[in-house]
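The values are calculated or read from the model by the stated rules, or taken from the named source; none is laboratory data. Please read all numbers here as calculations on a predicted model, not as lab measurements. Virtual Cβ from ideal backbone geometry, glycine too; neighbours counted across all protein chains shown. To get the accessible areas, we keep the full protein, side chains included, count just its heavy atoms, and leave off ligands, DNA and RNA. Shrake-Rupley method; radii C 1.70, N 1.55, O 1.52, S 1.80 Å.
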Amino acid sequence: MGSFALPQSSEPDVVTVDVHRAKDLLRSGHRYIDVRAVEDFNIGHVDVENPLNIPYLFNTPQGRVKILNFWSRFYLLARKMIICGGNILYSKLLEGCQSGGRSVYASRDLLNADFRHVSNMGGGYAGWVKNGLGVKKPKAEL
């Protein structure tokens, strides 16, 4: 009887960490990338030094649509924050969204574009808030 091999997935494995591990990673030098819509980010986001907001989806009257060439947009927007004078400032990235779903896909896109050391924050911003971790919100108007 012949052997049977299951096909191997060509998709890279995304490492998902809980919000407490995410906090530790951010303290150890990971760069935080928030892939939520700009409007959501502006309402409140993880309180870390220099968070980067690069939406993965945008809202349309028909619903959310993936931004084409996310990794290209990421590279154009983030290169000054991540790469400076040919030196990589942040070689490890942590991506988050509202609940941890969108950022899995965004992380996979970056891994497919040969970025390494990309992790997903499971639970997202909602999990971060639920666990009482630091958030940054706009100052209330006086």
Index of the failed condition, P7 passing every other in (1) open to solvent by 70 Å² or more (accessible area, probe 1.4 Å); (2) modelled with pLDDT of 95 or more = (2)
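Out of the residues in segment 44-71 that are surrounded by 12 or more Cβ atoms within 10 Å (Cβ to Cβ) and of a type in the set (V, I, T), state the one that is modelled with the lowest pLDDT.
I67
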key: Positions within segment 89-137 being of a type in the set (V, I, T) and within 11 Å of V46 (Cα to Cα), in sequence order   = V129, V135
Count of residues meeting criterion [at pLDDT below 85, buried (at least 16 other Cβ atoms within 10 Å of the Cβ) and not in a loop (DSSP other than H, G, I, E, B)] in segment 85-109 = 0
remark   = Per the filter on segment 22-35, residues loosely packed, with under 15 Cβ neighbours inside 10 Å and modelled with pLDDT of 90 or more are D24, R27, S28
key: Condition check for N112: surrounded by fewer than 19 Cβ atoms within 10 Å (Cβ to Cβ), among the polar types (S, T, N, Q) and in contact (Cβ under 8 Å) with a residue 24 or more places away in the chain   = yes
inquiry  = For the structure I just gave you, tell me whether V38 is among the β-branched types (V, I, T), surrounded by fewer than 19 Cβ atoms within 10 Å (Cβ to Cβ) and within 18 Å of D109 (Cβ to Cβ).
reply    = no
query = Restricting attention to segment 115-142, and to residues there that are surrounded by 12 or more Cβ atoms within 10 Å (Cβ to Cβ) and assigned to a loop (DSSP other than H, G, I, E, B), which single residue is modelled with the lowest pLDDT?
reply = F115
query = For segment 41-67, how many residues are without any contact (Cβ under 8 Å) to a residue 60 or more places away in the chain, of a type outside the set (V, I, T) and not in a loop (DSSP other than H, G, I, E, B)?
reply = 9
